[in-house]
Amino acid sequence: MNDISKNIRKSILHMVHYSKSSHVGTCLSMVDILAVLYFKFLRIDPTNPKLEGRDKFILSKGHGGAALYATLAERGFFPKEYLNKYYVDDGILPGHLDMTAVPGIESSAGSLGHGLSIGIGMAYANRSSNIAGEVIVLLGDGECNEGSVWEGIMYASSANLTNLTAIVDYNKLQSFGRTNEVVNQENMSKRWESFGWHVIEIDGHNHEAIEQGLNHKALKPKVIIAHTIKGKGVSYMEDRLEWHYKSPSDEQLKMALKELGE
Ligand SMILES: Cc1ncc(C[n+]2csc(CCOP(=O)(O)OP(=O)(O)O)c2C)c(N)n1
């Protein structure tokens, strides 16, 4: 799993460097979660992306699309060469997630605050049709400032969607500052719990803890509050606000890849 995470991180760095685009910290923050989802947990088939009854993953913080594209390529949904076509003129992979661009993306995203409700619809439909597939939605902590997220949280517990898991990538930073300084979200776990969810709190870079959290069966909708570090894996990017927007220079790319063993 460490090698898989490293490969995904390296792909992301190459992508954002080549396209001179942003959100590298956002992407690196969730790599370990995506690696466990796509290599250990989700019942999916890269050769049959629309497989009936599959598990569905929605990346709600769609500004981190590069991380999902890199993970899908690593898992064999499409050729890795496509990653050179990220966020460039005449490209294949738009900067924010586009479900029509390549196979394996269950929902487009970019405008924050919608993924959870889309996932709720999918989980509700699966339950109504006796389809076994589970639905997992990954949100940002800053994204949880959106009122629509809390409407979804309320509804999911009210409908008792036990086939739904939310994951909060709790990296404590958003685009313009510390999450808890923009809108205080301390006691994130208690907030979800008080809205009727089963809460699991983990280190979001520990592959085993992520897998255990995902496998835990709950009698309510489940949320995994994953404590993460924005920019994880590249020392000079870790927990640094500027890497929400900055793109690594040639020299910075070299330093980052060296740290990741390339
Ligand atoms: C509805 C909406 N408002 C504002 C934005 C602009 N925006 C892009 S990323 C971001 C911060 C997101 O922070 P967080 O959810 O914590 O994700 P992180 O990048 O830290 O992983 C904002 C406000 C947006 N994409 N959508």
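Take the Cβ-Cβ distance between GLU193 and ILE92 as r, set R0 to 45 Å, and report the resulting FRET efficiency rounded to the nearest 0.05.
Working: r = 42 Å, r/R0 = 0.92.
Using R0 = 45 Å, I get an efficiency of 0.60.
Suppose accessible area is computed on protein heavy atoms with a 1.4 Å probe; arrange MET15, MET122 from highest to lowest.
So, going from the largest accessible area down, we get MET122, MET15.
The stretch between MET255 and ASN84 holds 59.5 nm of extra length on full extension. This uses 0.36 nm per residue minus the Cα-Cα distance. Compute the relative contact order of region 135-262 as a whole-number percentage, counting only Cα pairs closer than 8 Å that sit 6 or more residues apart in sequence. In percent, rounded to a whole number, it is 26. Of LYS258, LYS10, LYS61, LYS220, the order by accessible heavy-atom surface (1.4 Å probe, DNA, RNA and ligands excluded), from most exposed downward, is LYS258, LYS220, LYS10, LYS61.
What is the percent of Cα-Cα separations in the chain that go past 33 Å?
Details: 4615 of 34191 pairs.
The answer is 13 percent, as a whole percent.
Take the Cβ atoms of ALA132 and SER175, set R0 to 22 Å, and the FRET efficiency comes out at 0.05. For region 76-144, the Cα gyration tensor yields ellipsoid semi-axes of 27, 17, 9 Å (square root of five times each eigenvalue, largest first, whole Å).
Annotation: extensible slack from THR100 through ASP239 equals 46.8 nm (criterion: 0.36 nm per residue apart, minus Cα-Cα distance). Computed extension length for VAL182-ASP203: 5.3 nm, one decimal, from 0.36 nm per residue of separation with the Cα-Cα distance subtracted.
Which value in deg cm²/dmol, rounded to the nearest 500, describes the helix-derived mean residue ellipticity at 222 nm for the chain, given -39,500 (n - 2.57) per DSSP H run of n ≥ 4 and division by the residue count? Don't jump to the answer; show the numbers that get you there.
On the way: 9 runs with 97 residues, N = 262.
Rounded to the nearest 500, it is -11000 deg cm²/dmol.
Note on surface exposure: ASP203, ASP32 rank ASP203, ASP32 by accessible area, highest first, 1.4 Å probe. State the Cα centre-to-centre distance between region 1-63 and region 216-262 in whole Å. For region 1-63 versus region 216-262, the Cα centre distance is 12 Å. Listed peptides 65-75, 142-152 appear in the order 65-75, 142-152 once ranked by packing, highest mean of other Cβ atoms within 10 Å at the front. Cα centroids of region 168-183 and region 93-155: 20 Å apart.
The values are calculated or read from the model by the stated rules, or taken from the named source; none is laboratory data. No experiment lies behind these values; they were computed from the predicted model shown. Heads up, the Cβs are rebuilt from the backbone with ideal geometry, glycines too, and the neighbour counts pull from every protein chain shown. The accessibility values were calculated without ligands, DNA or RNA, using every heavy atom of the protein model including side chains. Shrake-Rupley method; radii C 1.70, N 1.55, O 1.52, S 1.80 Å.
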